[in-house]
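Below you'll find the structure, written out as structure tokens, and then a few comments.
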Amino acid sequence: MLIIYQIVLEIYISDIGRIFVREFFLETKRIAFSHWKQEDFDLARSLWGEKEVTKYISKTGVFSENEIIDRLQLEIDNEKQFHVQYWPIFEKETEEFIGCCGLRPYNIEKGIYEIGFHLKSKYWGKGLGIEAAKAIIQYAFKNLHAAELFAGHNPYNVNSKKVLERLGFHYIGDEYYVPTGLYHPSYKCVSFRE
């Protein structure tokens, strides 16, 4: 079951001892979605500082500290300008940070958003990526009135291909992705399916 815009406040203590209030705006059975904030660097580092997560999204396979800062800022800026980002997601039962899943502008003039998700490796293989992506697909079509969604994946990441196909995306060709320097298989989805 998807709950949209239910506001849930959670108080958590960061690794450096500061207390934050975390607001969730979207929930599934196991996942709660929040918004990236400037003080989320520790969370960002725990995700984009993990080599297994970044090996398919960076030319070098790893993000430097500055690249993690830049990526966090990109997500915050996308939220301010376009009202979307790759939102941080948390496991509801444990309140642990899972990774991120969300949208970014692809061709806003035509109502096209790009969907993406990055999960910490310990959460792979549990169906959380698909669960999160389904919620975002529904959110994009029902709340943002997206015309379509775009997605791509590193050609060496065969698991992402399988996930996109399970989500109802259809291959449309290869597109050059600057951060990896590779042509990524690309897909589109034009409607939400349960």
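If the condition is being among the charged types (D, E, K, R) and part of a strand (DSSP E or B), then the stretch 112-137 contributes only 114. The set of residues from the stretch 100-122 being in contact (Cβ under 8 Å) with a residue 40 or more places away in the chain, more than 13 Å from residue 33 (Cβ to Cβ), open to solvent by less than 30 Å² (accessible area, probe 1.4 Å) and small (Gly, Ala, Ser) is empty.
Give the residues of the stretch 149-189 that are small (Gly, Ala, Ser) and not in a strand (DSSP E or B), sorted by residue number. Residues satisfying the conditions are 160, 168, 181. Residue pairs whose Cβ atoms lie under 8 Å apart, separated by 6 or more positions or on different chains, with the first residue in the stretch 153-172 and among the aliphatic types (A, V, I, L, M) and the second outside any strand (DSSP E or B), are 163/129; 163/130; 163/133; 164/153; 167/130; 167/133; 167/134; 167/137. Residues that are over 30 Å from residue 93 (Cβ atoms), within 16 Å of the chain's Cα centre (by Cα) and surrounded by 14 or more Cβ atoms within 10 Å (Cβ to Cβ) are absent from the stretch 123-146 altogether. Picking from residues in the stretch 74-102 that are among the polar types (S, T, N, Q) and at pLDDT 95 or above, the one that is nearest to residue 139 (Cα to Cα) is 85.
The values are calculated or read from the model by the stated rules, or taken from the named source; none is laboratory data. Computed from a predicted model, the values in this text were never measured in an experiment. We place every Cβ from the backbone using ideal geometry, glycine too, and count neighbours over all the protein chains shown. Ligands, DNA and RNA are excluded from the accessible area calculation, which covers all protein heavy atoms including side chains. Shrake-Rupley method; radii C 1.70, N 1.55, O 1.52, S 1.80 Å.
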